[in-house]
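Undergrad: Below: one structure in structure tokens.
Bear in mind that the values in this text are calculations on the coordinates, not laboratory data. Keep in mind the model is a prediction, meaning the values are calculated, not measured. Cβ coordinates were reconstructed from backbone atoms using ideal geometry, including for glycine residues, and neighbour counts include every protein chain displayed.
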């Protein structure tokens, strides 16, 4: 069923294309588009839509498919981006761009695909509007905003350690009272835990995926994986076995001592098996 978009009219001089991409991953230089959805809003308020899947020409990782539901089989007969690049660039000619986190991801990914296809697509003269940036600027996500939202109080003397500590305690009390019995979900829609008035459950909510405090290593599907760099998404123990120099590089590098300690624990555990 098609969704009805509320009819507040944007004041436009150029057509505005609101778009979102699904991809094989989040590495702009290495990953590829697998799906594009675009709404072109014309200055008179009318709209045109484009939606199509793309053969990325590289395998779609299972963890990406788990998020967007698109698998290799779904796109094997679809055109490549290079095959649609010229017509897409023509359709986008003279249009400004908008999306959610489009500045950080979707626009750079789109431009990268055009460059790979040798199709000229410039953004220097386009206006880019990122709804996520507006959201984060207008709906603050700091302690002052949380204190106002949960406790309906203004935080006086913000950034005073005592005032911030008292406010945090009140926010925590209000959160547990407000959400008790509700499910807490992660960004992928997976249940983490139920919110209960219990420290063990609240600890799971806050630290369930963490191995080291800096987040360089996390748990995923019960496995210890790296969460940064060239080995992001790979099992820590596997990399330590196949590439011992990576351990040495971390130990000599500018990483937190806690990260080095946790990595050493994993390495020693492997030796003791």
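Undergrad: Using the basic label-point model (7 angstrom from Cα toward the beta carbon), what is the residue 184 to residue 111 distance in nanometres?
TA: Here the answer is 3.8 nm between the modelled labels.
Undergrad: Please report the antiparallel percentage of the DSSP beta bridges confined to the stretch 16-135, to the nearest 5. Write out the running numbers ahead of the final one.
TA: On the way: 15 of 22 bridges.
Taking every DSSP beta bridge within the stretch 16-135, about 70 percent pair in antiparallel fashion.
Undergrad: Using the number of other C-beta atoms within 10 angstrom as an exposure proxy, rank 152, 106, 198, 96 with the fewest first.
TA: Values: 152 8, 106 22, 198 13, 96 19.
The most exposed by this proxy come first: 152, 198, 96, 106.
Undergrad: I need 47, 23 ordered by Cβ neighbour count within 10 Å, fewest first. Write out the running numbers ahead of the final one.
TA: Numbers: 47 13, 23 24.
Going from sparsest to densest Cβ surroundings: 47, 23.
Undergrad: Quick one: give the max-minus-min coordinate of the C-alpha atoms of the stretch 217-271 along each principal axis, largest first, in Å.
TA: So the three principal-axis extents are 29, 24, 20 Å.
Undergrad: Mind giving me the FRET efficiency for residue 86 and residue 46? R0 is 30 Å, r the Cβ-Cβ distance, nearest 0.05 is fine. Mind dumping the intermediate values first?
TA: Details: r = 25 Å, r/R0 = 0.82.
In this case the efficiency is close to 0.75.
Undergrad: Test of understanding: in a Gaussian network model of the chain with alpha carbons linked when under 10 Å, which of 46, 65, 174 would top the mean-square fluctuation ranking?
TA: Residue with maximal mean-square fluctuation among 46, 65, 174: 46.
Undergrad: Hey, any idea what Rg/Rh is for the stretch 32-83, computing Rh the Kirkwood way over Cα pairs? Write out the running numbers ahead of the final one.
TA: Working: Rg = 13.6 Å, Rh = 12.3 Å.
Reported Rg/Rh (Cα atoms, Kirkwood Rh): 1.11.
Undergrad: Of the beta bridges DSSP finds with both residues in the chain, what % are antiparallel, to the nearest 5?
TA: Details: 24 of 31 bridges.
The answer is about 75 percent antiparallel.
Undergrad: Oh, and also: Sorted from fewest to most neighbouring beta carbons within 10 Å, what does the list 150, 179 look like? Write down the numbers at each step before the final one.
TA: Working: 150 17, 179 14.
Fewest-to-most ranking of 150, 179: 179, 150.
Undergrad: Would you kindly calculate the mean projected area, averaged across all directions, of the convex hull enclosing the Cα atoms of the stretch 103-199, in square nanometres? Could the numbers behind the result be given before it?
TA: On the way: hull surface 40.4 nm².
Hull-based average projected area comes out at 10.1 nm².
Undergrad: Can you pull the one-decimal nm distance between simple spin-label points at residue 141 and residue 191, each 7 Å off the Cα toward Cβ?
TA: 2.5
Undergrad: Can you tell which of 15, 244, 56 shows the greatest fluctuation in a Gaussian network model of the chain with Cα springs below 10 Å?
TA: Largest GNM mean-square fluctuation: 244.
Undergrad: Which part of the stretch 204-244 falls in the paramagnetic zone of residue 172, meaning amide N under 17 Å from the point 7 Å along Cα-to-beta-carbon?
TA: It comes to 204-208, nothing else.
Undergrad: Go from 0 up to the bin containing the longest alpha carbon distance in the chain, width 10 Å each, and give me the % of pairs per bin.
TA: 5, 19, 24, 26, 19, 6, 0
Undergrad: How fast does the stretch 16-135 diffuse by Stokes-Einstein, in µm²/s, taking the Kirkwood radius from C-alpha pairs at 4 °C and 1.567 mPa s?
TA: Numbers: Rh = 14.7 Å.
Value of D from the Cα-based Kirkwood radius: 88 µm²/s.
Undergrad: Bins of 10 Å, beginning at zero and ending with the bin holding the largest distance: percent of Cα pairs per bin for the stretch 151-249, please.
TA: That works out to 13, 30, 26, 20, 10, 1, in percent per bin.
Undergrad: GNM, the chain, Cα, under 10 Å: largest mean-square fluctuation among 243, 63, 183?
TA: 243
Undergrad: Based on DSSP H runs of at least 4 residues, each adding -39500 (n - 2.57), what is the mean residue ellipticity at 222 nm of the chain after dividing by all its residues, to the nearest 500 deg cm²/dmol? Could the numbers behind the result be given before it?
TA: Values: 11 runs with 108 residues, N = 273.
Taken over the chain, the calculation gives -11500 deg cm²/dmol.
Undergrad: Need the full-extension length gain, residue 9 to residue 161, defined as separation in residues times 0.36 nm minus the C-alpha distance. One decimal, nm.
TA: Numbers: separation 152, 0.36 × 152 = 54.72 nm, distance 4.55 nm.
Gain on stretching residue 9 to residue 161: 50.2 nm.
Undergrad: Then there's this: If you project the alpha carbons of the stretch 143-206 onto the principal axes, what extent comes out on each, in Å, largest first?
TA: Taking the Cα atoms of the stretch 143-206, the three principal extents are 37, 22, 17 Å.
Undergrad: Stokes-Einstein D for the stretch 85-130 at 25 °C, 0.890 mPa s, Kirkwood Rh over Cα pairs, in µm²/s? Don't skip to the answer; put the middle values down first.
TA: Working: Rh = 10.8 Å.
Approximately 227 µm²/s, per Stokes-Einstein.
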